[in-house]
Amino acid sequence: MSTKPIDRLMFAQGGLCFFCQDPLPPSEATVEHLVATANGGTNDFDNCVACCKTLNSLLGHMSLKEKLRVVLNQKGDFKCPKSAQAAAPKTTGSNGVVDRFELVIADLRKRAATRPRTTKTLKSSIKSLFKKQLTEHELESLLGKLKSEGIVNVTGAKVTYEIPAVK
């Protein structure tokens, strides 16, 4: 009797998320390809890990380099976006939410040509990224930081982007 790939990964990882090492309920577990299949990755066991649906959605079709950047930006204390949604946000002065800011940039980078073109759709996209659990103040803080960092330019209701390349 053969087992499903997700079951084999969950067993090999001790029932923990590959990225944050938190317990991963089977109902939340998905297969994340380290090198996305869209980028030439395979379904081989060595290219797959188990992680939560939220993180898999965020990492999507990012390159391995972009995925590593998301992990490294956590400064050694990886916070899963799913658990970050429930936890109190980390802030730095009046600049807003740092962890969420990095996740928003990663999501915008992933979207490429399909990035929101109006402030209304940008706000809606950010809310959806965090499963509509952001307060209006948190949303405005994120948008303010995107503007102050020059990543988002707003003219009237129109939005343009200057997203820095992954280092």
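The values are calculated or read from the model by the stated rules, or taken from the named source; none is laboratory data. Please read all numbers here as calculations on a predicted model, not as lab measurements. Cβ atoms come from the backbone with ideal geometry, glycine included; neighbour counts cover every protein chain shown.
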Search result, residues across the range 1-22 that are part of a loop (DSSP other than H, G, I, E, B) and under 22 Å from Phe78 (Cβ atoms): Gln13, Gly14, Gly15, Cys17, Phe18, Phe19, Cys20, Gln21, Asp22
Enumeration of residues in the range 23-44 that are in a loop (DSSP other than H, G, I, E, B), of a type outside the set (S, T, N, Q) and over 18 Å from the mean Cα position of the chain (by Cα): Pro25, Pro26, Gly40, Gly41, Asp44
Near pairs, Cβ below 9 angstrom, 6+ apart or cross-chain, from the range 41-56 (assigned by TED's automatic domain parsing to the domain that holds Ser27) to any residue that is of a type in the set (D, E, K, R) and loosely packed, with under 13 Cβ neighbours inside 10 Å: Thr54/Lys131
Criterion (modelled with pLDDT under 80 and not aliphatic (A, V, I, L, M)) met by exactly one of Lys82, Lys65: Lys82
Selection count, the range 122-132, where residues are touching a residue at least 12 places away in the same chain (Cβ under 8 Å) and either in a loop (DSSP other than H, G, I, E, B) or farther than 17 Å from Phe101 by Cβ (or both): 2
Where a residue in the range 139-167 is more than 13 Å from Ile126 (Cα to Cα) and among the charged types (D, E, K, R) and its partner, wherever it lies, is at pLDDT 90 or above and outside any loop (DSSP other than H, G, I, E, B), with Cβ under 7 Å and at least six apart: Lys147/Val154; Lys158/Thr118; Glu162/Asn153
